[in-house]
Structures are given as structure tokens and as C-alpha cells.
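Have a look at the structure below, then the notes.
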Amino acid sequence: MKNSSHLHVNRPVHLARRDAYYEAAVELLNRPMHGLDLRERVRQAERALVLFKTAAHHARFAGRSPHALPQEADFLRFMQLVIDQIGSLLAMTQQQTHFLLEECFLGQFLRAQPEQLQLMPGHYQRRAEDIQEGLCHLLQMAYQPHHDLYDADLNGLTPEERTRYNQAYNSFRDDLRRAEIEQLKRGQTSGAVLRSS
């Protein structure tokens, strides 16, 4: 009973973190990867994965409250599917780096000539682009269900809980914006980049 009460007290904050991180991840995935160097593509996929995992983590906690809605469990399952797909996107993007590094260990291991490996980065890049396109379409389809769940969750909160939700949500979004600015600054001062084909 004590644990259940604790989960209910913290529910507005868990919901706020779920929504803030989910929305930031969706915004990130909807950014085009064209024109980004390969290292930045990998970073973008890694960041989206962290954001979605954090959103799912807090959705899990919010869903343990006795006041959780049935749709929250489906939303959590949906986020887990997205997490799996982002993992695939990240894997395809990382595969490209193995063929673009000066010391290509795969080329050495396979005893392949450089011309035999030239098509491989493009193959993985096309798979990554296909996965991202599918993800963006899926996330567009999820816009209305997520918005409906957001409305239902907020309507289920007391005025005091809604105030806590709004304060926490705004704080998390500000933190995420600051972290992104810091990451951009670090990226601009980093060294050499890998170019995609």
C-alpha cells in the first residue's frame, strides 16, 4: 500500500518526464539525416534511443499508479517497439563506419579489395534511411493516440497535480534544450568527421 501511494504521489512527475522525453525523441527522429556526416547520424540515433528509453522508463512508473489508464500499457508497448526499431537504425548506421575507416578491419578479415567493399556503405545507408522513414510514418500515426492519452492523463489529475505536471514538464524540456545546445557546441569543436557516400 505504501509503495502504491508513493507511485501515485509521483505520477505527475513521471507523466511529465514521459511526455517531455517522448516529444523530444519524436522531434529528433523527424529531422532529416541527409546532409549529416556519419558520426552525427550515429549520435542522432544514439540520442533518440536514450530519449525513448527514458520516456518508456517513466511511462512504466506512471503506469504502476492505481490511477493509471488502460491505454498507458499500450503506449508503453508501442514505445518498446519504437526502441527496437531505433536499435536497428543505429546498427545500420554504425555498420557504415566499418567500411569508411582508413583501417577497415572487415576488409582485412574478409581479405577483400577496396573496390569489393565500395558498395557496402551505401547498402547500409539505404537500410538506415528506410528504417527512419518507416519510424517517422509510425510516429505520425501515433500523434493523435498520444495526444488523446495526454489529454486523458491530464484530465485525471487534480489541479495541484496538474500544476506539478506542468512545472516538471517545462523544467524537463528546458533541460533537454540546454543539453542539445551543449551537444551541438561539443560537436562543432570535435575533430575529423566520417563522410557518408
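The values are calculated or read from the model by the stated rules, or taken from the named source; none is laboratory data. What you are looking at is a predicted structure, and each value in this text was computed from that prediction instead of being measured. Every residue, glycine among them, receives a Cβ derived from its backbone with ideal geometry; neighbour counts consider all protein chains shown.
Listing for the model above:
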{"read-out": "Lone qualifier among LEU157, LEU194 - being outside any helix (DSSP H, G or I) and either modelled with pLDDT under 90 or more than 30 Å from PRO12 (Cβ to Cβ) (or both)", "value": "LEU194"}
{"read-out": "Filter result for the condition that a residue is over 21 Å from LEU38 (Cβ atoms) and of a type outside the set (A, V, I, L, M), over THR97, THR158, THR93", "value": "THR158"}
{"read-out": "Residues located in region 14-33, provided they are outside any helix (DSSP H, G or I) and either aromatic (Phe, Trp, Tyr) or free of Cβ contacts under 8 Å to residues at least 12 places away in the same chain (or both)", "value": "PRO32"}
{"read-out": "Qualifying helices (runs of 4 or more DSSP H) (wholly inside region 56-151; at least 1 residues being modelled with pLDDT of 95 or more and in contact with a helix residue (DSSP H, G or I) (Cβ under 6 Å, 6 or more places away or on another chain))", "value": "70-100, 120-141"}
